[in-house]
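Working notes for the structure below.
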Amino acid sequence: MGRTRLIFTVSAFGVAAIATPLRAETLVVNSYGGPYEAIIRKAIIEPFEQRTGIDVIYDPVGSASQDYAKIKATRGRPGFDVVVMTASQSLQGCKDGVLEKLDANSIPNLAKLSRILTEAAGPCGAVHEVQYMSLLYRTDKLATPPVSWSALASSDLAGRVVLPTFQNTMAIYLVEMFSLMNGGDLVDNLAPGFRAVAAIAKQSIGFEQSSAILESYIKDGTVWAMPFWSGRAQLLVDSGLSVDYIKPKEGTIPLVATLNIPIGAEHKDAARKFIDFFLEKTSQEAWVGGYKVGSARTDIDVPAAIKARQITSDADLNSLHLPNLTTVAERLPKWAEQWERDVVAHAN
């Protein structure tokens with residue numbers, strides 16, 4: 001994934017005038033590998049390169065939490081210009097002063113996004129998609145489809161569940177949901193949630209961070225049920241695998257995904273162009289149709305099958321549980337310690 005060099009052929013009279021090759025403008029985008037990379041290249045990156053002439057170098061390294069740690073450690077100079085993270089990291093990065101603030105003057109399509117999602121992500125994040133934590137399960141292994149998150153704690157699934165590591169946002173979402181189900185809340189009293197997830201961990205096969213590795217367990221039948229992002233879950237359904245996914249009866253929490261620019265990015269103008277392109281109506285339609293996710297734009301044309309199962313309106317969003325993401329960002333370090341102490345330490 002190197003840079004493309006544009007070399008002009010010249011006559012003998014012009015050789016002395018051009019001593020070195022010319023380079024196209026470049027942009028380094030950090031995001032995820034697997035299906036995500038294949039879809040973003042086709043739906044977003046290639047059309048962007050064709051329109052602008054900007055050469056995109058794709059860097060599929062690290063999770064959102066790892067990427068933010070790198071941004072913070074380098075004081076906003078991580079070596080990439082655009083990064084895909086979540087609203088929690090976006091809010092924290094604004095507070096820490098390591099992410100660029102974005103506005104509709106330089107990124108006009110920001111004005112087209114849902115106000116609810118824009119406010120949730122804060123001034124440093126451009127919301128390019130929204131998913132939710134679903135309960136994914138094998139339809140050929142479970143006699144009765146699950147309806148509740150409590151299915152993960154069932155003895156029928158002993159040794160057939162895998163959990164995310166804390167570096168994956170699903171971990172704290174799972175704690176928050178089980179907290180709500182057991183008398184706690186989303187941010188101030190998570191003790192019931194940690195206890196409930198610890199009980200699930202005791203009968204799980206372990207923890208994995210990467211979505212690609214998590215889904216490999218359900219693909220080969222090792223795992224029969226697990227929390228998983230709704231868009232990725234739909235891709236598995238569409239592949240013909242014997243799986244399905246639900247929004248459990250207790251509800252769930254949305255994943256608000258953002259595009260961000262580190263404060264010390266080398267190619268900020270190109271980064272703003274890329275974000276604005278990603279948020280265009282046609283680009284969002286291509287992304288939603290390809291990755292099977294929801295959008296922060298409510299004016300796009302969404303296939304009926306996607307609209308039925310993803311978050312495509314403010315009404316859909318309001319039906320979910322959305323914790324105060326600023327508070328979540330502030331408390332994540334403390335919760336990470338509690339996860340290791342109360343969940344991981346008691347797992348088999």
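The values are calculated or read from the model by the stated rules, or taken from the named source; none is laboratory data. Predicted model, so just to flag it, every value in this text is computed and none were measured. Here Cβ is always computed from backbone atoms with ideal geometry, including for glycine, and neighbour counts include all displayed protein chains. The area values use the complete protein model at the heavy-atom level, side chains included, leaving out ligands, DNA and RNA. Shrake-Rupley method; radii C 1.70, N 1.55, O 1.52, S 1.80 Å.
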Only one residue in 237, 328, 302, 243 is among the hydrophobic types (A, V, I, L, M, F, W, C), within 23 Å of residue 89 (Cβ to Cβ) and open to solvent by less than 60 Å² (accessible area, probe 1.4 Å). Which one?
328
If we keep just the residues of the range 127-144 that are among the β-branched types (Val, Ile, Thr) and touching a Ser or Thr at 6+ places or on another chain (Cβ under 9 Å), which is farthest from residue 277 (Cα to Cα)?
139
In this structure, is residue 332 touching a strand residue (DSSP E or B) at 6+ places or on another chain (Cβ under 7 Å), in contact (Cβ under 8 Å) with a residue 24 or more places away in the chain and either under 22 Å from residue 65 (Cα atoms) or part of a loop (DSSP other than H, G, I, E, B) (or both)?
no
Answer with yes or no whether residue 37 is open to solvent by 50 Å² or more (accessible area, probe 1.4 Å), part of a helix (DSSP H, G or I) and acidic (Asp, Glu).
no
Please give the number of the condition residue 139 fails out of (1) open to solvent by 60 Å² or more (accessible area, probe 1.4 Å); (2) touching a Gly at 6+ places or on another chain (Cβ under 8 Å).
(2)
Does residue 221 count as surrounded by fewer than 16 Cβ atoms within 10 Å (Cβ to Cβ), closer than 19 Å to residue 148 by Cα and touching a residue at least 24 places away in the same chain (Cβ under 8 Å)?
no
Residue in the range 20-39 that is modelled with pLDDT of 85 or more and more than 26 Å from the chain's Cα centre (by Cα) present:
yes
Check on residue 207, buried (at least 23 other Cβ atoms within 10 Å of the Cβ) and not charged (D, E, K, R):
no
Quick one: count up the residues across the range 277-293 that are surrounded by fewer than 23 Cβ atoms within 10 Å (Cβ to Cβ), in contact (Cβ under 8 Å) with a residue 12 or more places away in the chain and among the polar types (S, T, N, Q).
1
Checklist (1) more than 29 Å from residue 178 (Cβ to Cβ); (2) surrounded by fewer than 20 Cβ atoms within 10 Å (Cβ to Cβ); (3) in contact with a helix residue (DSSP H, G or I) (Cβ under 7 Å, 6 or more places away or on another chain) applied to residue 30, failing item
(2)
Based on what the data block shows, is residue 62 on the phi > 0 side of the Ramachandran plot and crowded, with 18+ Cβ neighbours inside 10 Å?
yes
Only one of 205, 172, 213, 200 is β-branched (Val, Ile, Thr) and at pLDDT below 95, namely 213
For residue 232, which of the numbered conditions (1) open to solvent by 30 Å² or more (accessible area, probe 1.4 Å); (2) charged (D, E, K, R); (3) more than 30 Å from residue 25 (Cα to Cα) fails to hold?
(1)
Selection from the range 104-121 of residues that are at pLDDT 95 or above and open to solvent by 10 Å² or more (accessible area, probe 1.4 Å):
104, 105, 106, 108, 109, 110, 111, 112, 113
Of the residues 156, 140, which is modelled with pLDDT under 95 and closer than 21 Å to residue 226 by Cβ?
156
Looking at the range 78-98, which of its residues are open to solvent by 10 Å² or more (accessible area, probe 1.4 Å) and touching a Cys at 6+ places or on another chain (Cβ under 7 Å)?
94
Can you report the number of residues in the range 166-190 which are polar (S, T, N, Q), part of a loop (DSSP other than H, G, I, E, B) and over 21 Å from the mean Cα position of the chain (by Cα)?
2
